[in-house]
Amino acid sequence: MTSRTKGAARAGQYLALLAYLVFLVFPFLWLLSTSFKPATELGSLHPTWIPEDPTLANYRQAFDEQPLLRAAGNSLVAALSAAVIAVVIATPMAYVMARHRTLLARAATGWVVVSQAFPFVLVIIPLFLVLKNLRLINSLPGLIMVYVVWALPFALWMLVGYVRAVPVELEEAAAVDGAGRLRTLVSVTAPLLAPGIGATALFAFITAWNEFFFALVLLKTPEKQTLPVVLTHFIGAEGVADLGPLAAAAFLATLPSLVVFALIQKRITGGMLAGAVKS
Amino acid sequence: MTLATARARSGKAVDHGAWFLVLPALLPILVLSVGPLLYGIALAFTDSQSGRTEPTEWIGLLNFQDLRHDTLFWDSFRIGLLWAVGVTVPQFLLALGLALLLSQNLRFRWLARSLAIVPWAMPEVVVGIMWRLVYHPDAGILNETLRDLGFGEGRDWLTGLGTALPAVIVVGVWAGMPQTTVALLAGLQNVPRELHEAAAMDGAGAWRRFTTVTWPALRPIALAITALNFIWNFNSFALVYVLTNGGPGGRTRLPMLFAYEEAFRYGQFGYAAAMGCVMVAVISVLLAVYLVARLRGADER
């Protein structure tokens, strides 16, 4: 290959990359732009990228129109509890799945795969009936229970990968030194797993923070609803929306996810989903 | 070799220590996931309804017989398949291109990688809201751009009978790009570098190197992620619920939206569960593809 064609190929690659980035980023920039526009500007037929008369009024109005703070509080409680509980109960199981090739471990792996394919409606109807009998409809504890179980498959998956990355020889050395199983787990394996457990918890948190379907079905009154459900109230029954406050609220709801994703970004690009497609 | 590893390698039954470690996760899974799934399948054979005073009765295949003649359901099923194919295929091709680019030694690659994940971090509801703003007939950037470029006055994309489904498909492609790209990037790490270099030395062009070296190594992961994406897309709900709520005139009513309405608006639990069962039946075929791809991928390593 001559250096000239090589240069052209490089230029083409950068151009393609730029096209991808424009496609991936422009809707987000538009959301931001819309959130700072006064109502007069949103009513005009010729919208611009940069608001001519930027304002924070939409953000104020968003809080006036819908109980955003309470909704964010509900989301925080639900997502945080679900993430902590899921990781606490998934870690020991993931450990067994990674270290013991038993029937149970195989069955669990199989379930993890199959559970990815459920249409949620087939699970939510019976869950709705059961939670109703337990008087857990329209309650955060009910939603948290659902979120924990829903987070378990990918939590197990990620954690199994992290456990496998810890050399088994380290544990054997501890066992030779006379440490029991639990002792080995707590003093040798757990510290090495800590970053992986943290990433898994953050990922579970974000998934629950973003979740919509279960929250929509299980939470009936505005006082109990989570942020994604409350966001849809900004879109009126006929789909007519107050665009400014809608954009402002939507942007605010994304901030926590963006921050957490920035924190675990290295681990994501490192192949989080690879677990789902590798064994 | 210690006792623990001997046990691990021989694959004998779980010892008591392991049971103790497994139970905290296993119980919730059985009670809140496996149990409801079986209960849900059973409900499909009953006349369960919300607010019914008389007890629920076993009605055999009646729900399924009704489903057979429910043209609205088959419409939504067809739309679901169209949507799933329409999202999965372009998404795979675009993500493959992006993954190949990101595996090159380009400047600003780190920035591109970070930005490429942004759609993944956003709640689906926000993604839907965001694209409503993009598609907005007056205040949206899409129509304004088209106006600027001289393509007329633009349209009402999400409420037009012909444009609604393509419009939501574009959003679906956008929203799922990061996951697919990340999975393919991970797959590209399996591509043997030496083989690549050897092929280049032999004078193989980029396309030849892709078809003879990259693709064979990537194929198991590509197949698995495509099957999974198809399943996820077929089952998706939030995005289209926010964008069009199934409209206009049911043109974007995915099976999940249909089943949701049937169950939680009209209270037809049994009937909606039967829909779920039909969906599972279709998905099982793809799940089989996915499992086979996974197993073959594991063998080749």
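The values are calculated or read from the model by the stated rules, or taken from the named source; none is laboratory data. Not measured: the values here are computed from a predicted model. Here the Cβ positions follow ideal geometry from the backbone for every residue, glycine too, while neighbour counts run over all protein chains shown. Side chains are part of the model used for accessible areas, which takes the heavy atoms of the whole protein and leaves out ligands, DNA and RNA. Shrake-Rupley method; radii C 1.70, N 1.55, O 1.52, S 1.80 Å.
Direction-averaged projected area, Cα convex hull, chain B: 24.0 nm², rounded to one decimal. Between the beta carbons of B:ARG68 and B:ASP202, assuming R0 = 45 Å, the FRET efficiency works out to 0.15 to the nearest 0.05.
Accessible surface for B:VAL22 stands near 0 Å², nearest 10, in the context of the full protein assembly shown (1.4 Å probe). Considering only A:ILE85, A:GLY110, A:HIS100, the residue lying farthest towards the positive end of the dipole of region A:46-163 is A:HIS100, judged by Cα position with unit charges set on Cβ.
Accessible area per residue for region B:88-234 is 42 Å², calculated with a 1.4 Å probe on protein heavy atoms, without ligands, DNA or RNA. In a DSSP loop and with at most 13 other Cβ atoms within 10 Å, the trypsin sites (Lys or Arg not before Pro) in region A:122-230 are A:ARG135, A:LYS220. Magnitude of the charge dipole for region B:216-301, about its Cα centre and with charges confined to Cβ atoms of Lys, Arg (+1) and Asp, Glu (-1), is about 160 debye.
For chain A, the longest principal axis of the C-alpha atoms and the axis of helix A:140-165 are separated by about 60°. On association of chains A and B, roughly 9100 Å² of accessible area becomes buried (total for both chains; probe 1.4 Å).
Since only B:LEU32, B:ILE141, B:LEU184 are under comparison, the one whose Cα sits farthest along the positive direction of the charge dipole of region B:21-300, derived from C-beta charges on Lys, Arg, Asp and Glu, is B:LEU184. The loop-placed chymotrypsin sites (Phe, Trp or Tyr not before Pro) in region B:100-195, going by DSSP, that have at most 11 neighbouring Cβ atoms within 10 Å of their Cβ come out as B:PHE151. Figure note: B:SER33, A:SER81 ranked by solvent-accessible area, largest first, 1.4 Å probe, ligands and nucleic acids not counted: A:SER81, B:SER33.
Take B:255-265, A:7-17 and order them by the average number of nearby Cβ atoms within 10 Å per residue, most first; the result is B:255-265, A:7-17. When A:PHE213, B:PHE64 are compared by accessible area of protein heavy atoms, the largest-first order is B:PHE64, A:PHE213, using a 1.4 Å probe. Each residue, B:TRP215 and A:LYS266, gets one label point 7 Å from its Cα in the Cβ direction; the gap between the two is 3.7 nm.
Charged neighbours of B:PHE269, selected by a Cβ distance under 10 Å, balance to -1 (K, R count +1; D, E count -1). Between the residues B:PHE210, B:GLY150, B:ILE41, the greatest Cα displacement towards the positive end of the dipole of region B:21-300, with unit charges on the Cβ of Lys, Arg, Asp and Glu, is found for B:PHE210.
The GluC sites (Glu not before Pro) of region B:96-167 meeting both criteria, a DSSP state outside H, G, I, E and B (loop) and at most 15 other C-beta atoms within 10 angstrom of the site's C-beta, are B:GLU153.
Note on the protein assembly as shown: with neighbouring protein chains present and a 1.4 Å probe, carbon and sulfur make up 65 percent of its accessible heavy-atom surface. Inter-chain Cβ neighbour count for B:180-191, averaged per residue, equals 4 (cutoff 10 Å, partner chain atoms only). Considering every alpha-carbon pair of the protein assembly as shown, the percent of pairs per 10 Å bin, from zero through the bin containing the longest distance, is 3, 16, 25, 26, 18, 9, 2, 0, 0. Computed from point charges on the beta carbon alone (+1 for Lys and Arg, -1 for Asp and Glu), the dipole magnitude for region B:21-300 about its Cα centre is near 720 Debye. Any idea what angle helix A:120-133 forms with the longest principal axis of chain A, computed on alpha-carbon atoms, 0 to 90 degrees, nearest 10? The two axes meet at around 80 degrees. Among the residues of A:213-220, the average count of other protein chain beta-carbon atoms within 10 Å of the residue beta-carbon is 2. Each residue, A:THR48 and A:LEU103, gets one label point 7 Å from its Cα in the Cβ direction; the gap between the two is 7.2 nm.
Per residue, the convex hull spanned by the Cα atoms of chain A amounts to 208 cubic angstrom. Counting, for every residue in B:35-44, the Cβ atoms of other protein chains within 10 Å of its Cβ and taking the mean gives 5. The charge dipole of the protein assembly as shown, taken about its Cα centre with unit charges on the Cβ of Lys, Arg, Asp and Glu (plus for the first two, minus for the last two), comes to roughly 1840 debye. If R₀ is 51 angstrom, what is the calculated FRET efficiency for the pair A:GLU223 and B:LEU93, using the beta carbon separation as r and rounding to 0.05? Approximately 0.65, to the nearest 0.05. Of the complete DSSP H runs in chain B, those spanning 15 angstrom or more by Cα along the long axis with a mean Kyte-Doolittle score not below -0.5 are B:16-29, B:71-102, B:109-121, B:124-135, B:164-188, B:215-234, B:269-300. Spin-label pair B:GLU153-B:LEU195: with each label point 7 Å from Cα along the Cα-Cβ axis, the two points sit 5.8 nm from one another.
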